[in-house]
Amino acid sequence: MTRLRGRGYAAVNYPTGMNLGGDPSQALIHATTTGTFVVSLSSVDLGQGLKTVVAQCAAETLGLPFTNILVDTADTDTGPHCMGTFASRGTHRVGNAVIMAATEARAIMLDVAAEELEVDAADLETDGTGYIQVRGAEAKRIHITDLALAAHFTHGRTISGRGVFMKEKSEVVPETGEMDPDSCQAHACTVAEVEVDDETGVVEVLRMYSVYEIGRALHPAMATQQVEGGAWMGMSHALFEATEPYYPVRDHGPADFSEYLMPAAGDIPEQVSVLLERPAPTGPYGAKGIGEMTANAPIPAIANAIFDACGVRLDHMPFTPERVLRALDSLRGQDLSAHG
Amino acid sequence: MASKIVTLRVNDREEEFLARPGTTLLGALRDTLGLTAAKRGCAQGACGSCNVLVDGKPVPSCLVPVETVDGAAVATLEGVAPTGDLDEVQAAFLEDFATQCGFCTPGMIMTAEALLAENPDPTRAEVVEAISGNVCRCTGYEPIVNAILDAASRRRSA
């Protein structure tokens with residue numbers, strides 16, 4: 001018995017958004033009486049962190065602290081339209097819509113502040129801690145809480161804004177096949193190091209190194225979490241998960257978590273992940289989408305690492321011990337199953 | 001079989017209620033007592049999402065007929081920091097980005113609480129062993145293991 005080591009590499013380009021018949025997401029934003037800005041959406045956050053990054057986009061655009069933003073989302077009966085959080089489009093589409101809504105709200109905020117301070121709105125700036133102040137004469141300032149109160153009860157104004165990001169449908173140019181189906185593309189590669197036991201067929205992933213070019217990382221810790229959680233999912237697809245292991249024969253399909261195997265805490269490889277930031281011109285503060293692509297590169301990287309380790313080329317997932325052993329037998333010219 | 005009166009001490013509070021035959025501890029917590037932190041994931045003891053502590057031991061509450069633990073002390077996530085603050089484990093999970101969708105988190109935290117109560121200075125391997133019955137579909141486990149080690153360190157220096 002030998003434990004054979006190998007290393008494999010794979011790269012992926014992944015589109016942000018998709019070419020629907022027009023692909024919009026909308027956002028509304030308004031200030032409450034005490035200066036909390038409510039971002040109303042119907043986009044769903046199911047753990048990917050959308051509420052955090054759109055709150056960052058709103059805070060950055062308004063020039064107010066992150067804690068002044070409240071994201072109210074996921075009620076599609078009452079919220080502004082969103083096509084949905086799929087196609088790695090959430091951060092890009094919704095972030096852009098929120099920036100547009102916050103830009104409109106900021107103009108009104110500065111306009112009300114100009115009335116309240118009796119200055120020209122063009123001379124005003126935000127200090128990022130909650131004050132709107134006169135540029136060059138910072139002592140003349142008003143806090144957003146006082147400003148929002150004044151807007152509601154003195155001036156009878158709403159501090160609000162509307163935003164929509166709309167990717168128009170791209171038709172194919174018949175002569176060339178040319179089209180513009182997405183808004184930008186993120187790029188990544190993964191190197192996997194594996195150990196293959198040539199007696200049991202078990203493949204262990206020892207390490208995964210990932211590099212992601214994702215535009216600007218609006219929240220680097222959450223982006224890294226997406227990369228590493230996604231790499232785990234990719235490894236799980238590569239080595240463990242199958243609903244129909246002998247497809248198209250449906251026998252021996254797992255029925256529950258005790259049969260549907262996934263790597264647990266004891267099976268995780270060491271991961272090293274690097275984010276490269278090249279802000280995308282169409283992205284909200286330069287961000288691209290990376291939600292779905294993170295499970296992709298690890299799978300062919302692991303397949304290539306298995307080939308490097310023991311010379312077998314597997315093209316059906318998952319790369320189970322049975323498939324590894326059959327391929328090793330075949331490679332050695334001793335396919336026992338053929339002789340019954 | 002008749003319904004039975006069951007008494008539990010849940011998060012240091014006496015609770016007495018009528019349980020129909022076949023009621024699980026998870027069902028009693030969620031549906032009778034309104035404590036919904038423990039999650040019904042697989043309902044067969046294979047995912048750890050429903051883990052709570054019974055007399056200090058982590059158990060999958062979906063597998064426990066509630067009448068069989070009559071009189072026991074039960075700890076759920078709701079009782080970990082009742083004043084609304086976060087305890088060390090919760091704070092570490094939050095600050096170390098150990099959650100994504102959050103469905104496994106109550107079970108993970110209660111499993112970690114049981115580990116740290118018994119072993120305040122666990123090795124990485126001991127943490128991995130402790131959460132080996134808890135399934136997480138989002139994080140890849142690494143941030144969770146790190147958060148539990150961080151929580152242990154925070155609690156030792158607290």
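Quick notes on this structure:
- Computed lengthening from A:Ala122 to A:Leu206, 0.36 nm per intervening residue step minus Cα-Cα distance: 24.4 nm
- Förster radius 30 Å - calculated FRET efficiency between B:Glu14 and A:Phe86 (Cβ-Cβ, nearest 0.05): 0.05
- All other residues whose Cβ lies under 10 angstrom from that of A:Tyr14 are scored, Lys and Arg at +1 and Asp and Glu at -1, for a net of -1.
- Phi angles across the range A:3-11 convert, under the Karplus curve 6.51 cos²θ - 1.76 cosθ + 1.60 with θ = phi - 60°, into 3J(HN,Hα) values of 9, 9, 9, x, 9, x, 9, 8, 10 Hz, Gly and Pro given as x.
- Where the Cα pairs of the range A:161-209 fall when distances are cut into 5 Å bins, in %: 4, 13, 10, 10, 9, 8, 7, 9, 11, 10, 5, 2, 1
- Between A:Glu270 and B:Leu86, the FRET efficiency from the beta-carbon distance, with R0 = 25 Å, is close to 0.30.
- Axis angle, to the nearest 10 degrees, between helix A:321-331 and the longest C-alpha principal axis of chain A: 50 degrees.
- Here the Karplus relation 6.51 cos²θ - 1.76 cosθ + 1.60, evaluated at θ = phi - 60°, turns the backbone of the range A:66-73 into coupling constants of 3, 6, 7, 9, 10, 9, 10, 8 Hz, with x for every Gly and Pro.
- Within a Gaussian network of chain A (alpha carbon springs, distance under 10 Å), most fluctuating of A:Arg162, A:Arg250, A:Arg326: A:Arg250
- For the range A:265-292, a drop of 40 Å² or more in accessible area on going from the chain alone to the assembled protein chains (1.4 Å probe) is found at A:Ala265, A:Ile268.
- Computed lengthening from A:Ser330 to A:Leu261, 0.36 nm per intervening residue step minus Cα-Cα distance: 22.2 nm
- Only helical runs count toward this figure. For chain A, summing -39,500 (n - 2.57) over DSSP H runs of n ≥ 4 and dividing by all residues gives -8500 deg cm²/dmol at 222 nm.
- Interface burial for A against B (accessible surface, 1.4 Å probe, total of both chains, Å², rounded to 100): 1600
- Radius, Kirkwood style, for chain B when every pair of distinct Cα atoms is counted (Å): 15.8
- Extension gain for A:Glu178-A:Leu70 works out to 34.7 nm (0.36 nm per residue, less the C-alpha to C-alpha distance).
- Averaged over peptide B:141-148, the number of partner chain Cβ atoms lying within 10 Å of each residue's Cβ comes to 4.
- Amide H contacts of A:Ile159 (H built 1.01 Å from N, under 5 Å, at least 5 apart or other chain): A:Ala31
- Average other protein chain Cβ within 10 Å of Cβ, residues A:226-233: 4
- Extent along principal axes [Cα atoms of the range A:218-340; Å; largest to smallest]: 63, 34, 29
- Per residue value of the accessible surface for chain A (all protein chains in place, 1.4 Å probe), Å²: 47
- Legend: P(r) of the range A:45-149 from all alpha carbon pair distances, 10 Å bins from 0, whole percents, reading 15, 42, 25, 15, 3.
- Per-pair calculated FRET efficiency, R0 = 22 Å: A:Val38 and A:Glu115 via Cβ, rounded to 0.05: 0.45
- Of B:Phe17, A:Phe86, the order by accessible heavy-atom surface (1.4 Å probe, DNA, RNA and ligands excluded), from most exposed downward, is A:Phe86, B:Phe17.
- Taking the C-alpha atoms only, the angle from helix A:220-239 to the longest principal axis of chain A is near 20 degrees.
- A viscosity of 0.890 mPa s and a temperature of 25 °C, combined with the Kirkwood radius over Cα pairs in Stokes-Einstein, give a translational diffusion coefficient for the range B:88-156 of 213 µm²/s.
- With every protein chain in place, the protein assembly as shown: carbon and sulfur % of accessible area (1.4 Å): 52
- For chain A, radius of gyration divided by Kirkwood radius, i.e. Rg to Rh on alpha-carbons: 1.13
- Principal axis analysis of the Cα atoms in the range B:4-79 yields extents of 28, 26, 20 Å, listed in decreasing size.
- Paramagnetic reach from B:Met1 (point 7 Å along Cα→Cβ, amide N under 14 Å) across the range B:46-69: B:63-69
The values are calculated or read from the model by the stated rules, or taken from the named source; none is laboratory data. Here the structure is a predicted model, which is why all the values come from computation and not from measurement. FYI the Cβ positions are ideal-geometry reconstructions off the backbone, even for glycines, and counts take in every protein chain you see. Surface areas here come from the heavy atoms of the whole protein model, side chains and all, with no ligands, DNA or RNA. Shrake-Rupley method; radii C 1.70, N 1.55, O 1.52, S 1.80 Å.
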